[in-house]
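The values are calculated or read from the model by the stated rules, or taken from the named source; none is laboratory data. Keep in mind the model is a prediction, meaning the values are calculated, not measured. Every residue, glycine as well, gets a Cβ built from its backbone with ideal geometry; the counts of neighbours run over all protein chains shown.
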Amino acid sequence: MQRITELFVNGSRLRVDAASDRSLLSVLRDDLDLTGSKYGCGEGQCGACTVLIDGVATRSCVTSVGAAAGKKLTTIEALEQNGRLHPLQAAFLEADALQCGYCTPGMIMSGVALLSKNPNPNEQEIIRSMEGNVCRCGTYPRIVTAIRKAAQAMKGGGK
Amino acid sequence: MSKRAIDDSIEVERYELFAEPEYDFNFDVARRDFFKLLGGGLVMVFVLPAFAQESGQQGGRRAQGEATPKEVGGWLHIDEAGLVTVYTGKVEFGQNIRTSLSQAVAEELRVPISSIRMTMGDTDLTPYDMGTFGSMTTPRMAPQLRKAAIAAREALIELAAEHWKTDRASLTVADGKVISSRAKQSLEFGKLTKGQKLLKVISDAAAPAPASEWKIAGTSVAKVDGRSFVTGKHRYTSDIKREAMLFGKIVRPSSFNATLVSADTKEAEATAGVRVVRDGNFIGVTAPDARTAARAASMVKTEWKAEPQPSAKELFDYLRKQSTPPRQNAEQGSIAEGLARADKKLELTYTVAYIAHAPLEPRAAVAEWNAGKLTVWTGTQRPFGVRSELADAFHIPEERVRVIVPDTGAGYGGKHTGDASIEAARLAQAAGKPVKLVWTREEEFTWAYFRPAGVIDISSGVQNDGTITAWEFHNYNSGSSGIQHRYDIPNNRIVFHQTKSPLRQGSYRGLAATANHFAREVHLDELAHLVKMNPLEFRLKNLKDERLKAVLVAAAKAFGWDKAKTADRGFGISGGFEKGSYVATCVEIAVDRSSGKVKIVRAVTAFECGAIVNPDQLKNQVEGSVVMALGGAMFEAIDFDNGRISNGRFSRYRVPRFSDVPIIETVLVDRKDLPSAGAGETPIVGLAPAVGNAIFDATGIRLRSLPMTPNG
């Protein structure tokens, strides 16, 4: 089995030593201690493990680390910079768009990917785009609100 | 094995609390005592006046190895920097009590929210607590912590009076300081103890501030540690790492109630770093990483033996047939007489399926043994209950078990038991190293417990003017929460029948109140139609309870109950009461005639739980309840066959998603004159019957089984 020895995560080249067929999620969590991405189902059905691969929202639990090698990976840990929250993180707090918070990192990563493709999504576009992310606490309407607030905040050259 | 004594106040459907432990290990671990340390400053301990109030388990197993006195309701510590640490055995599962309890303490201590830290659910550091369930935190724990805070405030005033040699009446408290109007000086709380450690024990304190005077409670304080969740920094159990930690995996039986006949472990044991642990029916592995553990577990060849078991298609017959004669079968008034006075009679049956909690964080535990003392990190709603389970399973005193509950990825009543903790601890004991065990989604769907399925028979009589004259209600298996109605009916027989459940079952958000409200509120709608009355008017005619009337009227008004609806739309209403709070729900549904699909378009909930502690977080709970209720109402059902779950994954078990969510409107009825009740559960009960009634309104089709549209 081929081994993966380096990943490009959150702007840094990180040493790893993982069989290439291991899930990206397990390498991020267990080897790199980037535990913000969560295990929820292991079959790409709940979105708790969502990370960005070259900017595209991807279910890391069903992505092999081999498929992620050499690509630009972004996890929830990279969004806060110099103590400043990403506008979508701030909007989640403002809209109280979380209860237990377990789905939140995946929701935010999916939302960030959506906003980078479509900076001003309408409600239907948000719902369609976020359909693969599950929140068992049922904060869906607040997450829609948070994404719309973030879109507003990011207008005019925000990040 | 020990039988745990149960508090009478626990509803009968909390079956999981009666259950025998899953495993019975036989080990002897050397005794070792431990001590707790607290730093300098003021420590205020609140002792419960009626000591049994919050401690459910009298005598029996709690008597031995008692690590925390159960008469203590809570304690708090104000350190020399003025930081307030509050200790409570309650746990945070997303219901946001870390924030609401902080508000209660901040209110009475008159400090900003930011100077409060909550230490929760750690059996070594926090007072004994029966568990975080039954919506008891707000009505019971919050007042206890308020009293501890009041006593601390009074003690600080006393210290300041001594310091300034002045009388207490000239002193006030604000913003973490005692202020002397006479001396025109102020002293911060932390400075008042002058480096000493003052420990005070109180059993009562002045009355808490009435809700009409609240300044911090009653406002929408943001989630106190929200930032750690949106940044991914918060460490849930499954995120914890320990030095030299191994990963565990359990080899699961082929079906429920199976006995292990044989196990061939050679291939697994030949794998580098793998250890196989077998102890009775327990068989599991440890390995240096999760994948090796999973692979090794799959290499273990096992043979299990089990008797044939009932399947989902025969469930409701089975529940009825297996029922035992009820303990109470009393009649109030006379059903026969009530029916004789009725102009019309109805006799109908309603059913609810088993459903899964499916918290997004599956059960997980990290277990570590140090010199005979066991420490387990796990997401459980009953840290002290799980400590007892662990002490039982390993035959050690409770004082040698510490359970720590990190804020958890939800539970909804589903995480009362210590299954994963016991498994991880057994593996860690064998390995001599810390072990992390995270259940897969399939394990969570299979080896946890379910919301009970149930059959409900209702027989009733009504007069042509809408007066209900007789009400006979039999619930088989799902439970007795919310079984008593609030309507003004003279003749009643309301009976809960215990029966054998084919699946392991237990608490679920709202318990059986969901099933009982579904059957009752749909049946009322059927009666209303029978006598050609508006379902809202019909309810109001049969109600004297002003609080229930108030929420029904409030929901109907906000919804526009009397407004005309367009074609293929239906309106439905329901009302209910449970755990001290009142709910009414109105929904509008749309039916697609060609596909038969039903979409909930709008749901308006009026909710009243006494004085509101945090309006926005309360709204969040009501909205979340509506969304969660939607799953059980429309499509969630556990399918099972001969001791196996057939749909135990998210690709086969549909849960509510973004596109399922209707427009949700919440009307909060604030009753500052009434004590605050818990609010995380009751709003869930109103949706299903309102939807069922709306479907009838639109189509004339009456659905009497949950879920109502399993294929929709």
Selection from region A:12-45 of residues over 15 Å from the mean Cα position of the chain (by Cα) and in a loop (DSSP other than H, G, I, E, B) yields A:S20, A:D21, A:R22, A:L32, A:D33, A:C41, A:G42, A:E43
Within region B:173-217, restricting to residues that are closer than 30 Å to B:L674 by Cβ and of a type in the set (S, T, Y), the one that is modelled with the highest pLDDT is B:S212
Within region B:379-410, of all residues that are part of a loop (DSSP other than H, G, I, E, B) and over 24 Å from the mean Cα position of the chain (by Cα), the one surrounded by the fewest Cβ atoms within 10 Å (Cβ to Cβ) is B:H395
Are any of the residues in region B:267-276 on the phi > 0 side of the Ramachandran plot and modelled with pLDDT of 95 or more? yes
Residue hits (region B:483-536; buried (at least 24 other Cβ atoms within 10 Å of the Cβ), outside any helix (DSSP H, G or I) and either among the polar types (S, T, N, Q) or without any contact (Cβ under 8 Å) to a residue 24 or more places away in the chain (or both)) are B:S507
All conditions in (1) in contact (Cβ under 8 Å) with a residue 40 or more places away in the chain; (2) out of contact with any Cys (no Cβ under 8 Å at 6 or more places or on another chain) are true of B:F93 except (2)
Only one of (1) at the interface with chain B (Cβ under 7 Å from one of its Cβ atoms); (2) touching a helix residue (DSSP H, G or I) at 6+ places or on another chain (Cβ under 8 Å); (3) closer than 12 Å to A:V62 by Cβ does not apply to A:G36, and that is (3)
Note: among B:T166, B:T126, B:T172, B:T119, just one is β-branched (V, I, T) and either under 19 Å from B:P208 (Cβ atoms) or in contact with a helix residue (DSSP H, G or I) (Cβ under 7 Å, 6 or more places away or on another chain) (or both), namely B:T172
In region B:181-225, anything farther than 14 Å from B:P143 by Cα and aromatic (F, W, Y) is listed as B:F189
Within region B:332-340, identify whether any single residue is in contact (Cβ under 8 Å) with a residue 40 or more places away in the chain, farther than 30 Å from B:Y412 by Cβ and assigned to a strand (DSSP E or B), and answer yes or no. yes
Checking A:L73, A:L93, A:L98, A:L79 in turn, the sole residue that is closer than 14 Å to A:A57 by Cβ and within 11 Å of chain B (Cβ to nearest Cβ) turns out to be A:L79
Scanning region B:394-422 residue by residue, the ones that are touching a helix residue (DSSP H, G or I) at 6+ places or on another chain (Cβ under 6 Å) and either within 14 Å of chain A (Cβ to nearest Cβ) or basic (K, R) (or both) total 2
| said: Would you confirm whether or not region B:82-91 contains a residue that is polar (S, T, N, Q), closer than 23 Å to B:G226 by Cα and outside any strand (DSSP E or B)? | reply: no
Among the residues of region B:103-117, the number that are touching a residue at least 60 places away in the same chain (Cβ under 8 Å), in contact with a strand residue (DSSP E or B) (Cβ under 6 Å, 6 or more places away or on another chain) and part of a helix (DSSP H, G or I) is 2
All-but-one check, B:D616 against (1) surrounded by fewer than 21 Cβ atoms within 10 Å (Cβ to Cβ); (2) out of contact with any Ser or Thr (no Cβ under 7 Å at 6 or more places or on another chain); (3) within 14 Å of chain A (Cβ to nearest Cβ), failing number (2)
Flagged in region B:295-310 as surrounded by 17 or more Cβ atoms within 10 Å (Cβ to Cβ) and aliphatic (A, V, I, L, M), in numbering order, are B:A296, B:A297, B:M299, B:V300
Reported set for region B:60-88 where residues are out of contact with any strand residue (DSSP E or B) (no Cβ under 6 Å at 6 or more places or on another chain) and modelled with pLDDT of 90 or more is B:A81, B:L83
Going through (1) more than 21 Å from B:A290 (Cα to Cα); (2) facing another protein chain (nearest Cβ under 8 Å); (3) buried (at least 20 other Cβ atoms within 10 Å of the Cβ) one by one, A:A57 fails only at (2)
The correct count of residues that are facing chain A (nearest Cβ under 7 Å), over 14 Å from A:L85 (Cβ atoms) and in a loop (DSSP other than H, G, I, E, B) in region B:224-241 is 4
Can B:K557 be described as in a helix (DSSP H, G or I), assigned by TED's automatic domain parsing to the domain that holds B:I695 and surrounded by fewer than 15 Cβ atoms within 10 Å (Cβ to Cβ)?
yes
Of the candidates B:G580, B:G632, the one satisfying the condition of being touching a residue at least 60 places away in the same chain (Cβ under 8 Å), touching a Pro at 6+ places or on another chain (Cβ under 9 Å) and either within 14 Å of another protein chain (Cβ to nearest Cβ) or among the hydroxyl-bearing types (S, T, Y) (or both) is B:G632
Check: Quick check: anything in region B:639-660 surrounded by 24 or more Cβ atoms within 10 Å (Cβ to Cβ), more than 9 Å from chain A (Cβ to nearest Cβ) and not hydroxyl-bearing (S, T, Y)?
Finding: yes
Among (1) modelled with pLDDT of 95 or more; (2) within 12 Å of chain B (Cβ to nearest Cβ), A:M1 falls short only on (1)
Checking B:V376, B:V366 in turn, the sole residue that is outside any loop (DSSP other than H, G, I, E, B), touching a residue at least 24 places away in the same chain (Cβ under 8 Å), over 30 Å from B:R657 (Cβ atoms) and within 14 Å of another protein chain (Cβ to nearest Cβ) turns out to be B:V366
Screening B:A629, B:A677, B:A698 for residues that are crowded, with 23+ Cβ neighbours inside 10 Å and not acidic (D, E) leaves only B:A629
The residue from A:A18, A:A48, A:A78, A:A97 that alone is among the small types (G, A, S), modelled with pLDDT of 95 or more and surrounded by fewer than 24 Cβ atoms within 10 Å (Cβ to Cβ) is A:A78
Checking B:V276, B:V261 in turn, the sole residue that is farther than 22 Å from B:D641 by Cβ, among the β-branched types (V, I, T), in contact with a strand residue (DSSP E or B) (Cβ under 9 Å, 6 or more places away or on another chain) and in a strand (DSSP E or B) turns out to be B:V276
